[in-house]
Amino acid sequence: MLIYKILRGGEWADLQCKGETAGAPIDQADGFVHFSTAAQVRETASKHFAGEDGLLLLAMEADTLGAALKWEESRGGALFPHLYAPLRQSDVVWAKPLPLEGGFHHFPDDMT
């Protein structure tokens, strides 16, 4: 199952440069890297990245992240994937632009 992470352009550049990241400032403050499922990621974008351009959508295979990935209750009681380890570039299955079009983020048609 693919899970998703939204990064700002500078955060993506940092991941590419260093090979791993503790995530965005909110991830670092919370002590884990926040992910979303395909069903959750659009709401995540609208709640936490409204109006932001220059974003990247990263996909990771949940099964390859091992025991460091925990499913925990969050927004509305839904279970969200949280990674209690650095996000490694080698774990990224793909990264695609998440452009802002008409005030809303345009997600890839093929989120697989």
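What follows draws every value from the coordinates through simple rules; no lab data is involved. Keep in mind that what you see is a predicted model, and the values were worked out from it rather than measured. Positions of Cβ are backbone-derived with ideal geometry, glycine not excepted, and every protein chain shown enters the neighbour counts.
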* Asked: Excluding Tyr84 itself, what net charge comes from residues whose Cβ is under 13 Å from its Cβ, given Lys and Arg +1 and Asp and Glu -1?
  -> -2
* Asked: To the nearest 20 debye, what charge dipole does region 2-99 have about its Cα centre, counting +1 at the Cβ of each Lys and Arg and -1 at the Cβ of each Asp and Glu?
  -> 120
* Structure fact -> the chain, Gaussian network, Cα under 10 Å: of Glu11, Glu52, Glu72, the residue fluctuating most is Glu72
* **Computed Kirkwood radius, in angstrom, where 1/r is averaged over Cα pairs of the chain** => 14.1
* What are the residues whose amide H is under 5 Å from the amide H of Phe80, where those residues sit 5 or more places off or on another chain and H is modelled from the backbone? -> Glu72, Glu73, Ser74
